[in-house]
Amino acid sequence: MVQLHSNLIKSLNGRMSMPHQDQSLTIKMAAPFCILLIVILLTQVVGVYVSNNFLASGGVKGYWIISRLIFPFVLVLLLAIPLKQLYFSKPTINRENLLLMAVFLGLLLCLFVYLQFFAADYLSHYRHGSSLEGLREAGKFQRFLIFTVSTIIGWEVLHRGFLLGGGQYCLTQHYKINPTAAAVIMTLIVCIFEVLFHIKKPIYEAIGMIFASPLLSYLTIKTRSLWPALTFHLLIELAFGFSAFYYSVY
């Protein structure tokens, strides 16, 4: 009888402690994903206010290099996210992916035609009333290229590497979410991050990012590498910089 009473008490205590254990487990599972999102969001928000003043020289934005490359590397190490999950590997090249890249090249060509012939109002926002001749003589295009290299590489590594890849790893490993569903969720989150960062710029860029961000994330997921997306993003910036600061038809 005493033994039965003792077993009953242990059983009741075990059941009473289960909600607390489940709650602790849920918090432990959620922590890496939440920390990843918060740190990357803060990195971008703080950068909006300090990037122009912190280690900025000759068009190189030192803050973006440090915050988008060094800080996230430390973060993923602390969160025990394998680097192989961050899309740093060589791209997977097959017929389907080559066709996808050809489509991207076609879209890039359409963008360049648009910038050359139909984007006078948009580009004037960045010229600040200066003529193309004056911008060329001042070396604006060359400085823009330096700026682009110092920001876009870090941008893609941060969003398509740490956020997209790291977020997928957290969702599949800690929440046990289906890999396809995790890819869709993180593609949407990356898109929100990128669109919000472009809100302060001309509306054309925010609208364009609504379409460009998911496409670049899809390319990254399909090729298992962020380098194709990084290459196309650099080409987009090159088309913009050339049209805005060096030569346009109109």
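The values are calculated or read from the model by the stated rules, or taken from the named source; none is laboratory data. Everything numeric in this text was worked out from a predicted model, so none of it was measured. Don't worry about glycine lacking a Cβ; one is built from the backbone with ideal geometry, like all the others, and counts go over all protein chains shown. All accessible areas refer to the heavy atoms of the entire protein, side chains included, with ligands and DNA or RNA removed. Shrake-Rupley method; radii C 1.70, N 1.55, O 1.52, S 1.80 Å.
Taking the highest mean first, how do the peptides 89-96, 181-188, 223-230 order by number of other beta carbon atoms within 10 angstrom per residue?
Peptide ranking by packing, descending: 223-230, 181-188, 89-96.
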Express in Å², to the nearest 10, the accessible area of F104 obtained by rolling a 1.4 Å probe over the protein heavy atoms while all chains stay in place. 20
Any chance you could run the full-extension gain for R143 through F88? It's 0.36 nm times the residue separation minus the Cα-Cα distance, nm to one decimal. 17.0 nm
Note, ³J(HN,Hα) from phi for region 116-132, Karplus 6.51, -1.76, 1.60, rounded to Hz, x at Gly and Pro: 6, 10, 10, 10, 4, 5, 5, 5, 5, 4, 8, 7, 6, x, 7, 7, 4
Separation in nanometres of the label points that stand 7 Å from Cα toward Cβ, at Y175 and D121: 4.0
Given K84/K176; K140/K200; K90/K140, the pairs whose alpha carbons are separated by over 26 Å: K90/K140
Quick check: residue separation of A80 and W227 times 0.36 nm, minus the Cα distance between them. What number comes out in nm? 50.6 nm
Keeping every protein chain in place, order I189, I207, I81 by accessible area at 1.4 Å, biggest value first, i.e. largest first. I207, I189, I81
May I ask you to list the residues of region 235-250 whose amide nitrogen lies under 19 Å from a point 7 Å from Cα along the Cα→beta-carbon direction of I207? 240
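Please quote Rg/Rh for region 119-170 to two decimal places, taking the Kirkwood radius as Rh and restricting both calculations to Cα atoms.
1.24
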Those aspartates and glutamates that a straight Cα-Cα span of less than 12 Å connects to K222, excepting residues fewer than 8 apart in one chain: E96
Peptides 106-119, 208-221 ordered by average Cβ neighbours within 10 Å, highest first: 208-221, 106-119
What is the percent of Cα-Cα separations in region 75-225 that go past 20 Å? 60
Square roots of five times the C-alpha gyration tensor eigenvalues of region 166-250, ordered largest first and given in whole Å, equal 30, 15, 8
